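K.L.:
Below you will find the structure I want to go over with you.
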Amino acid sequence: MILAIDTSIGTSVAVVTRQGEVLAERASEDTRGHAESIGRLIATVLEARPVITAVAAGVGPGPFTGLRVGIAAARAFGFGRGIPVLGVLSHDAIAVAHASHGSFVVLSDARRREQYWTAYSGLDADGLPVVASGPGLTRPDDLVAELGPLASAERVIASAVPAGALGRIAALRLARGLPDAGLQPRYLRSPDVTPSAGPKRVTA
């Protein structure tokens, strides 16, 4: 079984079988209280004591604080159990839940009057989303220019990431021996803090 965790928007946790069946799923819509809710949600979905053999972590795109909470929780759980931790693009979970075979664009709030976006050309024969472009970060007024030929595609505005769908993607990739997305977070924004250039010279 797979424990799926995503904190790119709110906080969502699920237990999914290797066949892609969602056994338990819990979520919090709070976009800032990830650290406060992640432990409780994991404990809730594990109440039936399923045998977890892998962890799937949503790697964004998403804000710095949210993503690092979810990825750290997934890494810690995997390390403690000695099981693999797989990275899955958070927008891919939304794309799978949308289940469209045509072109569409997933959008999520990046704060600071910006949006994260990923363009898809539909789902493949296995039901996995096919990324056409992105993920990217842009202001709403610049989105059409960013998308180019895909600017007229259907837009899916995400208010949550379903961990169950995230787990199904991980299950499909494991079953077919496909690589995961890696655990590098997709912040898509430079950090607000930069390293110090050293002590400033004091003059009289």
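K.L.:
Over the Cα atoms of region 126-165, what Rg and Dmax result, in angstrom?
P.N.:
Rg and Dmax of region 126-165, Cα atoms, are 12.3, 35 Å.
K.L.:
Would you mind giving the three semi-axes, in whole Å and largest first, of the ellipsoid equivalent to region 1-123 according to its Cα gyration tensor?
P.N.:
Values: eigenvalues 113, 65, 29 Å².
Taking √(5λ) for each eigenvalue gives 24, 18, 12 Å, largest first.
K.L.:
Still on this structure, I have one more. If amide H atoms are built 1.01 Å from N in the plane of the peptide, which residues on other chains or at least 5 residues away come under 5 Å of the amide H of V59?
P.N.:
V88, L89, S90
K.L.:
At 222 nm, what value in deg cm²/dmol follows for the chain if DSSP H runs of at least 4 each add -39500 (n - 2.57) and the sum is divided by all its residues, to the nearest 500?
P.N.:
Values: 5 runs with 58 residues, N = 204.
Taking each H run of at least 4 residues, the total per residue is -8500 deg cm²/dmol.
K.L.:
Whole percent per 5 Å bin, from 0 to the bin with the longest distance: what is P(r) over all C-alpha pairs of region 78-196?
P.N.:
Each 5 Å bin holds this share of Cα pairs: 2, 10, 20, 22, 18, 13, 9, 4, 2, 0, 0.
Throughout, read-outs are computed from the coordinates displayed, never taken from laboratory work. As the structure is a computational prediction, the values presented were derived from the model and not from experiment.
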